[in-house]
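Can you keep this structure in mind? I'll have questions shortly.
The values are calculated or read from the model by the stated rules, or taken from the named source; none is laboratory data. Quick caveat: nothing in here was measured; it's all calculated off a predicted structure. Positions of Cβ are backbone-derived with ideal geometry, glycine not excepted, and every protein chain shown enters the neighbour counts.
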Amino acid sequence: MIGRQDRWQEDLFVAGPLSALIPEDHLLKRVHAVLDLAWLREDVRECYCEDNGRPGIDPEAAVRLMLAGFFEGIVHDRKLMREAQVNLAIRWFAGYRLDEKLPDHSSLTRLRQRWGAERFKRIFQKTVDACVKAGLVDLDTVHVDATLIRADVSWESLVEVHAGKVLSENPDDDGPGDGGKPKKRSTTDPDATMTTSRKDQKMEPSYKQHTAVEDQSGVVVDVEVTTGEANEGKQLLEQLERVAANTGKTPSTATADASYAHAANYAALEERQIEAVIPPEAEARPKGPMPLRRFRFDEKNDVVRCPEGRTLRRSCRMRQGWVYRARVKDCRNCPRRGRCLSPTARARTVWIVDGYAALLRARRRRARWDDRTYGKYVRHRWRVEGVHGVSKTQHGLRRAVRRGLPNVRIQSYLTAAAMNLKRLAALLLSLLLRRACRRNRFPVTPAHPGAFSIERIDSRPPQRLAA
């Protein structure tokens with residue numbers, strides 16, 4: 001028999017709470033059980049006037065609205081507020097009744113400008129702290145990588161600027177030298193810089209996100225955004241220090257790709273007693289004079305010995321290392337002079353980068369990687385790159401929503417916070433599933449942490465976990 005739905009009369013009253021209309025396994029309902037923003041009001045109090053002006057949007061409600069948008073992949077404020085008008089789950093999650101007017105989208109924009117990026121960074125750090133307290137962060141191994149975020153600019157906004165002017169405006173720019181050639185900058189977003197992640201792809205105005213992911217559960221333990229030209233290898237040590245500050249623990253192992261294979265990084269990780277699972281780049285084989293690999297570096301005596309056993313001593317300091325020079329009389333009658341020196345040189349000089357001895361040890365270790373070490377590097381490739389893929393495909397981080405480095409940092413912090421809260425919610429769900437299995441005597445067959453084979457789960461509302 002064909003059923004009929006009466007649509008002619010609208011209901012004036014609905015009996016029951018708003019939460020009853022939202023499924024118990026809805027993502028926002030599970031995140032609500034682990035999200036605690038009670039500390040936020042006091043943290044942002046100094047941004048408001050106590051006795052003047054109109055009452056602003058509630059801080060916790062604003063953050064919940066933003067997070068709800070990131071969970072749904074909605075990063076634009078206008079679209080978010082349109083969705084919140086009809087989405088019961090977002091209304092309930094943010095604390096708005098059915099008949100209550102939602103704030104204008106511009107309120108969220110002004111709130112971000114008033115708070116600044118540092119307060120949103122604290123929101124992200126609170127999620128890391130909550131994951132640590134919940135036991136999700138083991139921090140035996142941390143995976144570090146960087147990804148590009150396309151800036152919100154058009155190609156028509158790019159203009160050529162002389163490199164000298166760029167360096168004077170950005171003294172901390174550590175991009176590659178270009179011999180004074182003009183660089184392209186966007187007139188609408190000067191913070192964005194031209195860069196690419198592959199040689200076969202064209203350069204685009206981008207930002208660069210540096211991410212550290214814990215190995216056990218995939219929790220994002222640190223995230224930072226710089227200009228696109230920033231060298232990720234130079235960010236490694238600062239990132240590991242931030243990881244220790246965010247989690248209260250120092251990782252035992254750090255994995256990264258070859259972009260981080262700097263001699264200074266190997267030396268610093270050895271000093272901190274952190275195992276470096278970073279594949280070093282093979283030494284290039286020049287076609288000119290005798291290559292550096294034929295020379296022996298004596299770290300203890302701080303000298304370099306040539307293939308003939310002659311000693312090269314420190315001559316002058318360069319930006320990232322020392323120049324070692326042989327004596328003229330040692331090279332004058334050397335039988336290898338024709339293969340070692342250019343016709344105009346009087347003595348051989350070699351440049352030894354800082355941490356060169358640690359780099360040599362890393363190359364020897366790479367040749368002896370066992371299955372355990374190689375397994376860690378394989379996990380790095382899908383763990384941290386998987387986080388980047390999810391953040392771009394599901395949470396809108398492929399392209400910057402707003403312009404300027406502070407705004408991109410806010411977007412990055414909220415994306416990482418949303419991903420951590422999803423991990424926390426999955427943990428709470430797994431605990432409820434285990435409890436239901438034990439109570440109802442169902443078999444528990446976990447395929448992965450948080451996945452169980454059961455037919456019924458506990459329908460009671462989860463308890464709130466303090467962040």
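Looking at the stretch 129-151, I want the residues that are under 29 Å from residue 372 (Cβ atoms) and have a partner that is among the basic types (Lys, Arg) and part of a loop (DSSP other than H, G, I, E, B) with Cβ atoms under 6 Å, at least 6 apart or on another chain. Which pairs are those?
Pairs that qualify, where the first residue is under 29 Å from residue 372 (Cβ atoms) and the partner is among the basic types (Lys, Arg) and part of a loop (DSSP other than H, G, I, E, B), are 139/249.
Please find, among 389, 375, 355, the residue that is modelled with pLDDT of 90 or more and either among the β-branched types (Val, Ile, Thr) or crowded, with 17+ Cβ neighbours inside 10 Å (or both).
Selected residue: 355, the only one of 389, 375, 355 that is modelled with pLDDT of 90 or more and either among the β-branched types (Val, Ile, Thr) or crowded, with 17+ Cβ neighbours inside 10 Å (or both).
Tell me which strands (runs of 3 or more DSSP E) are completely within the stretch 277-355 and hold 2 or more residues being farther than 30 Å from residue 144 by Cβ and over 39 Å from the mean Cα position of the chain (by Cα), or say none if there are none.
In the stretch 277-355, 303-305, 311-317 are the strands (runs of 3 or more DSSP E) which contain 2 or more residues that are farther than 30 Å from residue 144 by Cβ and over 39 Å from the mean Cα position of the chain (by Cα).
Which condition from (1) surrounded by fewer than 20 Cβ atoms within 10 Å (Cβ to Cβ); (2) in contact (Cβ under 8 Å) with a residue 24 or more places away in the chain; (3) not β-branched (Val, Ile, Thr); (4) not in a loop (DSSP other than H, G, I, E, B) is the one that residue 85 breaks?
(2)
Among the residues of the stretch 202-217, which ones are surrounded by fewer than 20 Cβ atoms within 10 Å (Cβ to Cβ) and touching a residue at least 60 places away in the same chain (Cβ under 8 Å)?
If the condition is that a residue be surrounded by fewer than 20 Cβ atoms within 10 Å (Cβ to Cβ) and touching a residue at least 60 places away in the same chain (Cβ under 8 Å), then 216 is the only one that fits.
OK, next. Can you tell me which residue within the stretch 57-82, out of those that are of a type in the set (Val, Ile, Thr) and buried (at least 19 other Cβ atoms within 10 Å of the Cβ), is nearest to residue 18 (Cα to Cα)?
Step by step, filter the stretch 57-82, then rank; the result is 63.
So, residue 373, is that one touching a strand residue (DSSP E or B) at 6+ places or on another chain (Cβ under 8 Å) and among the polar types (S, T, N, Q) or not?
So residue 373 fits the description; yes.
Still on this structure, I have one more. Would the stretch 44-56 turn up any residue that is at pLDDT 85 or above and surrounded by fewer than 10 Cβ atoms within 10 Å (Cβ to Cβ)?
Yes, there is a match, as at least one residue in the stretch 44-56 is at pLDDT 85 or above and surrounded by fewer than 10 Cβ atoms within 10 Å (Cβ to Cβ).
So, in the stretch 221-257, of the ones that are within 12 Å of the chain's Cα centre (by Cα) and aliphatic (A, V, I, L, M), which residue ends up surrounded by the most Cβ atoms within 10 Å (Cβ to Cβ)?
Of everything passing the filter in the stretch 221-257, 221 is surrounded by the most Cβ atoms within 10 Å (Cβ to Cβ).
When you go through 119, 150, 110 one by one, which is the residue that is modelled with pLDDT of 90 or more, in contact with a strand residue (DSSP E or B) (Cβ under 9 Å, 6 or more places away or on another chain), under 29 Å from residue 404 (Cβ atoms) and surrounded by fewer than 20 Cβ atoms within 10 Å (Cβ to Cβ)?
150
Of the residues 64, 78, 41, which is farther than 29 Å from residue 399 by Cα, basic (Lys, Arg) and part of a helix (DSSP H, G or I)?
Only one candidate qualifies: 41.
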